[in-house]
Amino acid sequence: MSVLLETSAGDITIDLLVKDAPKCCENFLKLCKIKYYNYSPIYHVQPNFSFQTGDPIGPEAKDSHGGTSVWGLPDGATKRASRPDKAAFRPEFASKRKHAERGTVSMATTPSNANPEERLAGSQFIITLGDNIEQLDGKAAIFGEVAEGFDALEKINTAFIDHSGRPLQDIRILHTVVLDDPYDDPPGLVEPPSSPMPSAEQRATVRIAHDEVLEEQHDVEQMERLRREREARAQALTLELIGDLPFADVTPPEQILFVCKLNPVTRDEDLELIFSRFGKILSCEVIRDRKTGDSLQYAFIEFATKEDCERAYFKMQGVLIDDHRIHVDFSQSVSKLSNDWRSSTNSKTARSKGGFGGFDSLEKRRQFRGAEGGRERSDGYNYVFEKGERRRAAQQDADPTLLSTSKRIPRGAMAIEVLQRDLLTPTQAAKYDRYPTADANVAGLTLPLYVVLGSALAGRYSELVILSKRV
């Protein structure tokens, strides 16, 4: 014997276990025959456990009476029992039947008021959404199993639900079809000629209708804006993780202008002179390569006020400077600002002022690093730097006669010659007003075996640091 449940999630075919639970099967078959379950909501969804249905109005509705058995002769319009004394019946519990497989169908039961050891059932039934649901054994009376429609069960299992287990968008039994009925109708049972329309009580329980199409977000421009915002937040959090930002929500200063596409010969003082017509300039810095001192063709200009910066932005876009048409924009860098804040934060005066770095509107929020976890920064923007070069520069500052250069080690080389040209970089040579003799041999070095192997196999030891003393 089988029954087809047409639900808004899909069709479910249930095979009935007539021999094990004849009374439960008869009750279920006859209720399906008189369309009692039509428009009944699915509720108490517990993912990977079970869901419940069979209350024609829904357990949360004030008009709900919990449902009735077929022997209570429910009214076709109100779904209420014409014989309340027959609204419940004693279901069969087959000891050999367990809720072991997904799709097990059983009548929901409740203890009798007269005898707590006795359990009664009405119209509500349960379908399991997982295997080995032992908690229902002995409490729910098994009378069938799902033969087809496991895709519908999966949709119910993954539906969005509220705290009580009710799907946010209604899932309902739309129609029932009895495929085979071996039982005689109870006296007084009336089969409707067609499927009845939902009652007013049932329509009142609708939250989001099962056939309502939820509009998706198709605004391409808005979706792109949201994508960029998420990407920006992720990048800011990454910079906070590695210590480049004090916190992810930091915003760049509004009075610093970024200038690019400069001529390599343009100097700091040239830019400062040109842009000073718009207002007082606190700093003007052309960013240069640390090794060669060559201009990287972009600069940062810090004005005293935001208004001066805005005037320069609108007036200097595309202006020709030293035969190069420059591009200006508002700076998005917080490197220098971050360094100022760190320095202020470490000072006793700033700490006594409160906030972060003496700024009341800022709050220090280090989620992933300790108080001493930040990186050391210099006074400039430091976009191009190397740790080794910085260390050698510090050594040279300690001893002005000590010169530090580097020479590339050819991959797999076993020996290397140091020429006089290797003792000074072009910048150093210009500083000391003399150029070295190009090919004069100063020293020859035999490289250790671990350096040779590391260079040949792993690409390590690629640079030789040369220290020389100027006399």
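The values are calculated or read from the model by the stated rules, or taken from the named source; none is laboratory data. On a predicted model such as this, the values are computed, not experimentally measured, just so you know. Backbone-built Cβ (ideal geometry, glycine too); neighbour counts: all protein chains shown. Side chains included, ligands, DNA and RNA excluded: accessible areas come from the protein's heavy atoms. Shrake-Rupley method; radii C 1.70, N 1.55, O 1.52, S 1.80 Å.
Filter region 129-170 down to the residues that are among the aliphatic types (A, V, I, L, M) and touching a helix residue (DSSP H, G or I) at 6+ places or on another chain (Cβ under 6 Å), then identify the one that is nearest to S8 (Cα to Cα). Before you say what the answer is, go through the steps one by one.
Filtering region 129-170 for residues among the aliphatic types (A, V, I, L, M) gives 129, 133, 136, 140-142, 146-147, 152-153, 156, 159, 161, 168.
Still in the list and also touching a helix residue (DSSP H, G or I) at 6+ places or on another chain (Cβ under 6 Å): 129, 141.
Working: L129: 17, A141: 26 Å.
In this case the residue turns out to be L129.
Within region 297-331, track down each residue that is over 18 Å from L262 (Cα atoms) and open to solvent by 60 Å² or more (accessible area, probe 1.4 Å).
So the first thing to find is which residues in region 297-331 are over 18 Å from L262 (Cα atoms), and the list is 303-311.
Hits for region 297-331 are K306, E307, E310, R311.
Let's see how each residue does on (1) surrounded by 24 or more Cβ atoms within 10 Å (Cβ to Cβ); (2) of a type in the set (K, R); (3) closer than 15 Å to F125 by Cβ:
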| site | (1), (2), (3) |
| --- | --- |
| G10 | no, no, no |
| L17 | no, no, yes |
| C24 | yes, no, yes |
| K30 | no, yes, yes |
| I34 | no, no, no |
| P41 | yes, no, yes |
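Does region 161-178 contain at least one residue that is polar (S, T, N, Q) and loosely packed, with under 12 Cβ neighbours inside 10 Å? If you could, list the steps in order and put the result at the bottom.
First, the residues of region 161-178 that are polar (S, T, N, Q): 164, 169, 176.
Still in the list and also loosely packed, with under 12 Cβ neighbours inside 10 Å: 164.
Looking through region 161-178, at least one residue is polar (S, T, N, Q) and loosely packed, with under 12 Cβ neighbours inside 10 Å.
Could you grab me the full set of residues in region 113-123 that are over 20 Å from D15 (Cβ atoms) and touching a residue at least 24 places away in the same chain (Cβ under 8 Å)? If you could, list the steps in order and put the result at the bottom.
Pass one, region 113-123, residues over 20 Å from D15 (Cβ atoms): 113-120, 122.
If the condition is that a residue be over 20 Å from D15 (Cβ atoms) and touching a residue at least 24 places away in the same chain (Cβ under 8 Å), then E118, R119, L120, G122 are the ones that fit.
Is region 204-221 home to any residue that is in contact with a Gly (Cβ under 8 Å, 6 or more places away or on another chain) and more than 28 Å from D63 (Cα to Cα)? Can you show your working first?
Going residue by residue through region 204-221, those that are in contact with a Gly (Cβ under 8 Å, 6 or more places away or on another chain) are 205.
From the residues that got through so far, the ones that are more than 28 Å from D63 (Cα to Cα) too are none.
There is no residue in region 204-221 that is in contact with a Gly (Cβ under 8 Å, 6 or more places away or on another chain) and more than 28 Å from D63 (Cα to Cα).
Got at least one residue in region 236-247 being in contact (Cβ under 8 Å) with a residue 24 or more places away in the chain and not in a loop (DSSP other than H, G, I, E, B)?
Yes, there is a match, as at least one residue in region 236-247 is in contact (Cβ under 8 Å) with a residue 24 or more places away in the chain and not in a loop (DSSP other than H, G, I, E, B).
Might you let me know whether region 189-204 holds any residue that is of a type in the set (D, E, K, R) and touching a Pro at 6+ places or on another chain (Cβ under 6 Å)?
Just the residues of region 189-204 that are of a type in the set (D, E, K, R), to begin with: 191, 201, 203.
Next, from what is left, pick out any that are touching a Pro at 6+ places or on another chain (Cβ under 6 Å): none.
Taking every residue of region 189-204 in turn, none turns out to be of a type in the set (D, E, K, R) and touching a Pro at 6+ places or on another chain (Cβ under 6 Å).
Somewhere in region 270-286, is a residue in a loop (DSSP other than H, G, I, E, B) and open to solvent by 40 Å² or more (accessible area, probe 1.4 Å)?
Just the residues of region 270-286 that are in a loop (DSSP other than H, G, I, E, B), to begin with: 279-280.
With open to solvent by 40 Å² or more (accessible area, probe 1.4 Å) added as a condition, the list becomes 280.
Checking region 270-286: at least one residue is in a loop (DSSP other than H, G, I, E, B) and open to solvent by 40 Å² or more (accessible area, probe 1.4 Å).
Out of the residues in region 58-108 that are among the basic types (K, R), touching a residue at least 24 places away in the same chain (Cβ under 8 Å) and under 16 Å from Q124 (Cα atoms), state the one that is most open to solvent (accessible area, probe 1.4 Å).
Filtering region 58-108 down to residues among the basic types (K, R) leaves 62, 79-80, 83, 86, 90, 96-98, 102.
Now restrict to residues that are touching a residue at least 24 places away in the same chain (Cβ under 8 Å): 79, 90, 96-98, 102.
Cutting the leftovers down to under 16 Å from Q124 (Cα atoms) gives us 79, 90.
Values: K79: 12, R90: 153 Å².
Here the answer is R90.
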